[in-house]
Amino acid sequence: MEFNSLKDEDKRYIESIVSAERFSTGESNLDLHSRDMSGHRASRPEAVVWPKDRAEVSRILSYADQRRIPVTAWGAGTSLVGNPIPLHGGICLDFTQMARILEIRTDDFQVDVEPGVIYKDLNHKLRHTGLFFPPDPGADATIGGMIANNASGIRTVRYGSTKDNVLRLVMVLANGEIIEVGNRASKSSSGFDVLHLFVGSEGMLGIVVEATLRLVGIPSEFASSVATFETVEDASKAVFEIIRSGLDPAALELLAPECISIINRHKNLELPVSPTLFMEFHGPSRHHLEEVIGIAEELCREHDCQEFRPGLNKEERDRLLEARYALGEMIRQDRSDRFRIAIDVAVPVSAYPEMIAFAGEQAREAGAAAAYIFGHAGDGNIHLVIETERGNRETGQRIKEANHSIVHKALALKGTATGEHGVGIGKAKFMEAEHGPSLEWMKKVKQLLDPHGILNPGKMFP
Ligand SMILES: Cc1cc2nc3c(=O)[nH]c(=O)nc-3n(C[C@H](O)[C@H](O)[C@H](O)COP(=O)(O)OP(=O)(O)OC[C@H]3O[C@@H](n4cnc5c(N)ncnc54)[C@H](O)[C@@H]3O)c2cc1C
């Protein structure tokens, strides 16, 4: 695709749509929108625009489409695979100023929001209603960015990922047309499911300007436990048994000993440095939860659990969860001088133990300086961060090969190259292997909705 760069007349026109305070070509704003939280090379937009309503977004897209100017949406820039980096320059649409909670409908368990709302702020606002929006990627992500990446998190094992919690979207298409997809009913058999075509489309098929989200009740009781094991493989087998038993955990997280060490150091905790499962259950009464935890303990003991600590109190639970959320960042900060690759594969849960064993073996064989295995185990999602000293080209190359082997193993197990971070730049190389001929149909869908390819170009397709 050939794109035009922004000429002075384009800048003047776009500025006239949004007003001078919401249009910038300043160096610091361009830099701030040139990189996400991945290690991918920065690439600046030519202008940053902060739209305040759907009409402005529509006018900007209509103009950009006619002029063949790339447009990349920006939520909070917390992506981990380069998704919002404006690879071809053009206009960056920053949604910070479209962040209103439009209507909370407690009786229907729904909320209408603009895309720039940070999901943590939404949950803070909702707390008095007894409801919450369950997908929780941990970072300060926006609803627009979560929808675009189909983000998920610790609670996904019970409440689903973003796609399971979005009912309706208002989208602006590449040509500026505004369409509404989905509805506010809790179910529908009407027409093609275009709503879910947009979820996970990484800002490449249209721009989200409003969303109706499904809310769920804050559980009346919870019980959290920590179990430690001899090996990571034993812990992963216990994960499979817990899921198979139908105990329905609300969180089931795996942490390898290297992750526990780093958490202890950064958060002043004294957790035993062993392969660890953190689990949480939600339910109607203490009695019910005691029974559930009792069964979970039995299942863990069958897999050589060394220690099982039931009944963490709220403070302990919150500290552990906070540490888990911050783990990726702690790893990055711990040795900012290292080259690292972050893997995000997911497999069917029955294949989880095999996948964990394979990933650990590959990291060891690569001779990595450090390898951190963790993940939303209950969803079959594995995060593995493999590191080497910068400049150590040989190990760097072996780490890249390990990444390749691990992703291909996940695909052979009928899993996916990315459980939750999205494709962006980093995972594009795996799309052909994962999707085969259906990748061509994805390209045709892109061509249909965005014939000039202006929306977030350079992503997803190898
Ligand atoms: C410490 C840390 C922990 C994380 N943990 C998790 C985790 O557990 N699970 C998980 O899923 N992710 C996780 N992430 C990744 C990240 O938070 C998610 O991918 C999140 O969805 C990105 O949201 P954002 O608002 O930052 O979007 P951005 O990074 O700004 O953009 C993401 C994508 O969305 C597009 N986009 C943004 N707004 C719109 C819009 N209005 N319309 C259309 N497209 C749009 C962008 O173009 C881009 O393609 C983590 C990140 C960090 C830094």
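The values are calculated or read from the model by the stated rules, or taken from the named source; none is laboratory data. In this text the structure is predicted, and so the values were computed from the model without any measurement. All Cβ positions, even for glycine, are placed from backbone atoms using ideal geometry, and neighbour counts span all protein chains on display. Surface accessibility is based on the protein's heavy atoms, side chains included, excluding ligands, DNA and RNA. Shrake-Rupley method; radii C 1.70, N 1.55, O 1.52, S 1.80 Å.
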Checklist outcome for this item: Residues in region 343-360 that are within 15 Å of GLU258 (Cα to Cα) and either acidic (Asp, Glu) or under 22 Å from the mean Cα position of the chain (by Cα) (or both) total 2
Next on the checklist: LYS52 - would you say it is closer than 21 Å to LEU122 by Cβ and of a type outside the set (S, T, N, Q)?
Outcome noted: yes
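Out of MET146, MET171, MET204, which single residue is in a helix (DSSP H, G or I) and not charged (D, E, K, R)?
One residue alone meets the criteria, MET146.
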Checklist entry - Does region 217-230 include one or more residues that are acidic (Asp, Glu), more than 18 Å from the chain's Cα centre (by Cα) and near the ligand (Cβ under 10 Å from one of its atoms)? => result no
Next on the checklist: Restricting to region 405-421, name every residue that is open to solvent by less than 60 Å² (accessible area, probe 1.4 Å), in a loop (DSSP other than H, G, I, E, B) and not small (Gly, Ala, Ser).
Outcome noted: LEU413, GLU420, HIS421
Next on the checklist: Against the condition among the aliphatic types (A, V, I, L, M), under 28 Å from GLN66 (Cα atoms) and touching a His at 6+ places or on another chain (Cβ under 8 Å), how does ALA148 come out, does it pass?
Outcome noted: no
Item to check | Subset tally (residues that are assigned to a helix (DSSP H, G or I) and aliphatic (A, V, I, L, M)) for region 207-252 | outcome: 6
Checklist entry - Where in region 1-72 are there helices (runs of 4 or more DSSP H), lying fully within it, with 2 or more residues that are under 24 Å from ASP450 (Cα atoms) and open to solvent by 50 Å² or more (accessible area, probe 1.4 Å)? => result 8-18, 54-67
Checklist entry - When only residues in region 301-346 that are among the basic types (Lys, Arg) and within 12 Å of the ligand (Cβ to nearest atom) count, which is surrounded by the fewest Cβ atoms within 10 Å (Cβ to Cβ)? => result ARG332
Checklist entry - Does any residue of region 157-164 turn out to be out of contact with any Gly (no Cβ under 7 Å at 6 or more places or on another chain) and among the hydrophobic types (A, V, I, L, M, F, W, C)? => result no
Item to check | Residue ID - nearest to the ligand (Cβ to nearest atom), chosen from residues in region 422-458 that are part of a loop (DSSP other than H, G, I, E, B) and in contact with a helix residue (DSSP H, G or I) (Cβ under 7 Å, 6 or more places away or on another chain) | outcome: GLY422
Checklist entry - Pick from region 159-200 the residues that are within 15 Å of the ligand (Cβ to nearest atom) and basic (Lys, Arg): which of them is most open to solvent (accessible area, probe 1.4 Å)? => result LYS163
Checklist outcome for this item: By residue number, the members of region 145-155 that are within 8 Å of the ligand (Cβ to nearest atom) and in contact with an Asp or Glu (Cβ under 8 Å, 6 or more places away or on another chain) are ALA148, ASN149, ASN150, ALA151, SER152, GLY153, ILE154
